[in-house]
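Derivation of every value follows stated rules applied to the coordinates shown; laboratory data play no part. These numbers were taken from a predicted model, which means no experiment stands behind them. Backbone-built Cβ (ideal geometry, glycine too); neighbour counts: all protein chains shown.
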Amino acid sequence: MLSHPRAISKVFKHFGQSRTFLTSTQLQSPYDLSIPNLRIHKDTKVICQGFTGKTATFHCKEGLAYGLSLSVVFRPKKLANNISDFPFLVVLPRCYSNLCSPPFAADAVIEAVENEIGLIVCITEGIPQQDEVRIAQVLKSQSRSRLVGPNCPGIISPDVGGGCKIGIMPSNIFSPGCIGVVSRSGTLTYEAVDQTTKVGLGQTLCVGIGGDPFPGTQHLDVLKAFMEDDATKGEEERL
């Protein structure tokens, strides 16, 4: 007979992987298993929700100029004259950029979770707190999708000749290097990036987790991702 209450988990892990659920007796949350999804790269495929809006179109163009692999999905009625400037890729996107207006942002995030999109980046500011609580409950019950935001500047992974930029960060201050940066504040993120660029260290991954009360990703989650990345030699954390 197994005397320790968690001994049976060790037995099952010996024979293969185990799965955790919302009501699991294990200490690790199932949502923690999605932390590796933060490690994006220049070949990461991205889809943008709210693409036909003026702001979303601008930032998608900025991302494409930086090297973003964008998969565009939109309704035909929303077509604009300049839409032909964007490439159309028939791929399964791994990441999802949410630039919807506040009343619709929560449903868009939950829809992405239901479709098991690996990384969801929600830029939208002003989402009602009851909607953010609803998003948090959905996130904690699964292990396939990871949310950055809401109300955040996004996430970026610099690389030689470009990189992957999901969000509204100014790409001109970034450079490939060895430092990971995480902050709630967009301004402090840019300050840390500018300093590490000027001294020649550069960055591996920069994550703006957002300043809302219920962020999908916390500082500790990003630090765990940095620790698992061999290319990241140091971290800079701004509150």
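Relative contact order for the range 29-238: 22 percent, from Cα pairs under 8 Å spaced at least 6 residues apart, divided by residue count. Shown here for the range 115-186: GluC sites (Glu not before Pro) in loop regions (DSSP other than H, G, I, E, B) with at most 16 other Cβ atoms within 10 Å, namely GLU116, GLU125.
Here the spin labels are modelled as points 7 Å beyond Cα on the Cα-Cβ line, and at GLU125 and ASP107 they lie 2.5 nm apart. Separation of the alpha carbons by more than 31 angstrom is noted, of LYS61/LYS140; LYS54/LYS198; LYS42/LYS233; LYS54/LYS140; LYS54/LYS233; LYS54/LYS224, for LYS61/LYS140; LYS54/LYS198; LYS54/LYS140; LYS54/LYS233; LYS54/LYS224. Ranking of CYS100, CYS95, CYS178 by neighbouring Cβ atoms within 10 Å, starting from the fewest: CYS178, CYS100, CYS95. Classify the range 29-238: rounded, prolate or oblate, from the alpha-carbon gyration tensor (a ≥ b ≥ c, eigenvalue square roots; a/c under 1.5 rounded; otherwise prolate if a/b is larger than b/c)? In terms of gyration-tensor shape, oblate.
Within 10 Å of each residue's Cβ, count the other Cβ atoms and sort ARG146, ARG134, ARG184 from fewest upward.
The most exposed by this proxy come first: ARG134, ARG184, ARG146.
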